[in-house]
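Asks: Below is one structure. I have some questions about it.
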Amino acid sequence: MVSIIPSMAKRLLYPILSVLLLMFFASCEEIRNEPTEVSSLEGEWKVDEDSELFKSTEDTYHVNISLSPYDSTMIYISNFYHVGPESEIVGKVEGDRIELPSGQEMTVLESVYTILSGSGNIATDYQSISWSYEIDDGSGMVDHVTATYTRVTN
C-alpha cells in the first residue's frame, strides 16, 4: 500500500501536533487570583460599623491587624467589634477573603462576645476590607453587622 503522506511530512506532523496540543492545554489552564500578600494587611484600620443591635458610641473606631508568627495565612485583629484593644480574634486569609472561625470568644469584664460567623473581602489595593459578621453578646440575641475597614497606617 502506498502512503498518501510523504515521509518528510510525517516527520513534521508529530512535532507540530504536539506543539498545537501543548498550546491548547496551556490556553485552557484556569486563571487564578493572585494570592493575597498577607503582610499588606498589617497595621491600623479605621472601622465604620453598622449593627442591627448596637452602634459604637463613637461614629468610628480603630482596630489593629497583626500577622501570626506561626501561620502565614493567619492574622490577629485587636479591638474587633470595639470590645477593647486587649481583646483579639483570629482571621484566616484565603485569597482576597478573610474568614473568621466561628466560636471565637472575646471577654471584656464579665461580658463574653462570641463570633458566630464572619468574613471580609479585601480590596485589590489593600486599602479597605468590607465585612459581614454575626456576634452573640452573651444575651442570646444575634447582632448582624456590616463594617468597612479603611487603612490608617501600614
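Asks: Return the total of residues in the stretch 46-79 being of a type in the set (Ser, Thr, Tyr), modelled with pLDDT of 85 or more and under 17 Å from Thr150 (Cα atoms). First the steps, then the outcome.
Replies: The initial filter retains those residues of the stretch 46-79 that are of a type in the set (Ser, Thr, Tyr), namely 51, 56-57, 60-61, 66, 68, 70, 72-73, 76, 78.
Keeping just the survivors that are modelled with pLDDT of 85 or more gives 51, 60-61, 66, 68, 70, 72-73, 76, 78.
Applying the additional criterion that residues be under 17 Å from Thr150 (Cα atoms) yields 60-61, 66, 76, 78.
Number satisfying all stated conditions: 5.
Asks: Which one of Glu110, Glu134 is within 20 Å of Phe54 (Cα to Cα), open to solvent by 50 Å² or more (accessible area, probe 1.4 Å), among the charged types (D, E, K, R) and at pLDDT 95 or above?
Replies: On the way: Glu110 fails: at pLDDT 95 or above.
Criteria check complete, one pass: Glu134.
Asks: Going residue by residue through the stretch 42-53, is there one that turns out to be part of a helix (DSSP H, G or I), open to solvent by 10 Å² or more (accessible area, probe 1.4 Å) and either out of contact with any Cys (no Cβ under 6 Å at 6 or more places or on another chain) or of a type in the set (Gly, Ala, Ser) (or both)? Outline the logic, then answer.
Replies: Of the stretch 42-53, the ones part of a helix (DSSP H, G or I) are none.
No - not one qualifying residue is present in the stretch 42-53.
Asks: Still on this model: Report yes if Ile135 is free of Cβ contacts under 8 Å to residues at least 40 places away in the same chain and of a type outside the set (Ser, Thr, Tyr), otherwise no.
Replies: Working: free of Cβ contacts under 8 Å to residues at least 40 places away in the same chain: no; of a type outside the set (Ser, Thr, Tyr): yes.
Here the answer is no, as Ile135 does not meet what is asked.
Asks: Can you name the residue in the stretch 75-107 that is over 19 Å from the mean Cα position of the chain (by Cα) and part of a strand (DSSP E or B) and is also surrounded by the fewest Cβ atoms within 10 Å (Cβ to Cβ) among such residues? Working first, answer last.
Replies: From the stretch 75-107, those over 19 Å from the mean Cα position of the chain (by Cα) are 82-87, 105-107; that's our starting set.
Those left that are additionally part of a strand (DSSP E or B): 105-107.
Details: Glu105: 12, Met106: 21, Thr107: 14.
Taking the candidates together, the pick is Glu105.
Asks: Consider the stretch 113-131. How many of its residues are outside any strand (DSSP E or B) and open to solvent by 50 Å² or more (accessible area, probe 1.4 Å)? Working first, answer last.
Replies: As a first pass, look at the stretch 113-131 and keep what is outside any strand (DSSP E or B): 123-127.
If we keep only those that are open to solvent by 50 Å² or more (accessible area, probe 1.4 Å) too, we end up with 124-127.
The total comes to 4.
Asks: For the stretch 137-150, give me each residue that is under 22 Å from Asp59 (Cα atoms) and either β-branched (Val, Ile, Thr) or open to solvent by 30 Å² or more (accessible area, probe 1.4 Å) (or both). Break it down stepwise before answering.
Replies: As a first pass, look at the stretch 137-150 and keep what is under 22 Å from Asp59 (Cα atoms): 137, 142-150.
Asp137, Val142, His144, Val145, Thr146, Thr148, Thr150, listed by residue number.
The values are calculated or read from the model by the stated rules, or taken from the named source; none is laboratory data. All of these numbers come straight from a predicted model, not from anything done at the bench. Positions of Cβ are backbone-derived with ideal geometry, glycine not excepted, and every protein chain shown enters the neighbour counts. The accessibility values were calculated without ligands, DNA or RNA, using every heavy atom of the protein model including side chains. Shrake-Rupley method; radii C 1.70, N 1.55, O 1.52, S 1.80 Å.
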